[in-house]
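Below is one structure, written out as structure tokens; comments come after it.
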């Protein structure tokens, strides 16, 4: 049995191609069963996210094109349309690829942790659909274990690598317990949504989202148990904010020095941590002159992000070493399956011979033959039957000069034969 991966991701395919061959939850079960119904495909797991679609299959040796053909056929696209964007990995390369994916080394954001949860969800869906068997089951469980080790033994996920992550990381340095703080987010775009997600993950006490379009603010705030306000209400709620992160597309500042001064008086000069991610800036530069305000701009955070990327790249090198070791470990287990099957077949044959000779011996006892004579018959006949096939093959090997086979037999049976010497 071979392991095969066929897929595409954000590096190999544009979004319009990724959209065409993605698998939503509503079609995933049917897709898994359809995939494993293909000739030669014994097991299957489908990983489909916004950045990648990958098919992990346990296939009979030599099976390759049917999986690619199935992918195009299932989504109703011509094979030539997607073939240039696909990557293909077999066996060792397939194992290493999954380990890299689970560890976040193949992600758009190096070391991001969300992909591991997505891999686990994909595997669980395959288990629920009965399309993940012994081989892929062992592989995916192995990937979870390796990902955990990488997270524990390296700093792959510790350093901020986005402006939103950097902003929240600085907030955590200033406020040791975010659970007691209120965050006011100005804007409702991708960066603010990412900041809200990081704050929520770190159990922020309260989230307020201010946006020019209240409906969009409400849509974002509701995801994290917060509440929405219009941008015109900003001055009324500013005093509630311990943390403020702003990222709008406004050409002019949305927050001025006077508004912040009045809020600080209402807060009795409790400090406010502010991050202005917008370009042009959302917060008047003069706000930085006020006591009890810690104001950072996108340029201030970029240094944190660059340092975080350097740290993650160093951690990724350590992670690659861990992955290389554990890939080989899994491949060793995979290779052992061939020996296991051979041992089982040989044992079954020996047991069949044993049962045959034992039945004849029992018949002889029942017919009155002396036990000693029956025991001698049992021992001699069983020995001859067990040795007949290998002895015949070794005689032929000797006649035909197959020294390698003779040496292998010598090692297998732990004999004392010396190559080229008579016995």
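Against the test of being over 25 Å from residue 257 (Cβ atoms) and modelled with pLDDT of 95 or more, the options 322, 283 yield a single qualifying residue, 322.
Are any of the residues in the stretch 26-45 at pLDDT below 95, assigned by TED's automatic domain parsing to the domain that holds residue 6 and closer than 27 Å to residue 151 by Cβ? Looking through the stretch 26-45, none of the residues is at pLDDT below 95, assigned by TED's automatic domain parsing to the domain that holds residue 6 and closer than 27 Å to residue 151 by Cβ. Taken as a whole, the structure places residue 306 among residues that are modelled with pLDDT under 95 and within 30 Å of residue 100 (Cβ to Cβ). Of all residues in the stretch 274-289, those satisfying the criterion of being touching a residue at least 40 places away in the same chain (Cβ under 8 Å) and within 35 Å of the chain's Cα centre (by Cα) are 275, 277, 278.
Evaluate the following for residue 337: is it at negative phi and assigned to a helix (DSSP H, G or I)? For residue 337, the condition - at negative phi and assigned to a helix (DSSP H, G or I) - is met. Taken over the stretch 84-94, the criterion of being in a helix (DSSP H, G or I) and surrounded by 13 or more Cβ atoms within 10 Å (Cβ to Cβ) is satisfied by 85, 92, 93, 94.
Matching residues to (1) in the same structural domain as residue 247 (by TED's automatic domain parsing); (2) at pLDDT 95 or above:
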position: 152; (1), (2): no, no
position: 171; (1), (2): yes, no
position: 183; (1), (2): yes, yes
position: 187; (1), (2): yes, yes
position: 190; (1), (2): yes, no
position: 208; (1), (2): yes, yes
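Within the stretch 358-391, the residues that satisfy the criterion of being exposed (fewer than 13 other Cβ atoms within 10 Å of the Cβ) and farther than 30 Å from residue 413 by Cα are 362, 363, 366, 367, 368, 370, 371. On the stretch given as the stretch 117-138, residues that are farther than 16 Å from residue 32 by Cβ and at pLDDT 95 or above total 1. Checking 194, 238, 244, 234 one by one, the residue that is modelled with pLDDT under 95, crowded, with 16+ Cβ neighbours inside 10 Å and in contact with a helix residue (DSSP H, G or I) (Cβ under 9 Å, 6 or more places away or on another chain) is 194 and no other. When 397, 409, 350 are screened for being farther than 30 Å from residue 150 by Cα, in contact (Cβ under 8 Å) with a residue 24 or more places away in the chain and in contact with a helix residue (DSSP H, G or I) (Cβ under 9 Å, 6 or more places away or on another chain), only 350 passes.
Can you tell which of 69, 128 is touching a residue at least 40 places away in the same chain (Cβ under 8 Å) and either in contact with a strand residue (DSSP E or B) (Cβ under 8 Å, 6 or more places away or on another chain) or on the phi < 0 side of the Ramachandran plot (or both)? From the options 69, 128, the qualifying one is 128. I'm trying to understand the selection: among the residues of the stretch 1-22, which are under 13 Å from residue 74 (Cβ atoms) and either at pLDDT 95 or above or not in a loop (DSSP other than H, G, I, E, B) (or both)? Scanning the stretch 1-22 gives 6, 20.
The values are calculated or read from the model by the stated rules, or taken from the named source; none is laboratory data. Just so you know, these numbers come straight off a predicted model, no measurement behind them. Cβ coordinates were reconstructed from backbone atoms using ideal geometry, including for glycine residues, and neighbour counts include every protein chain displayed.
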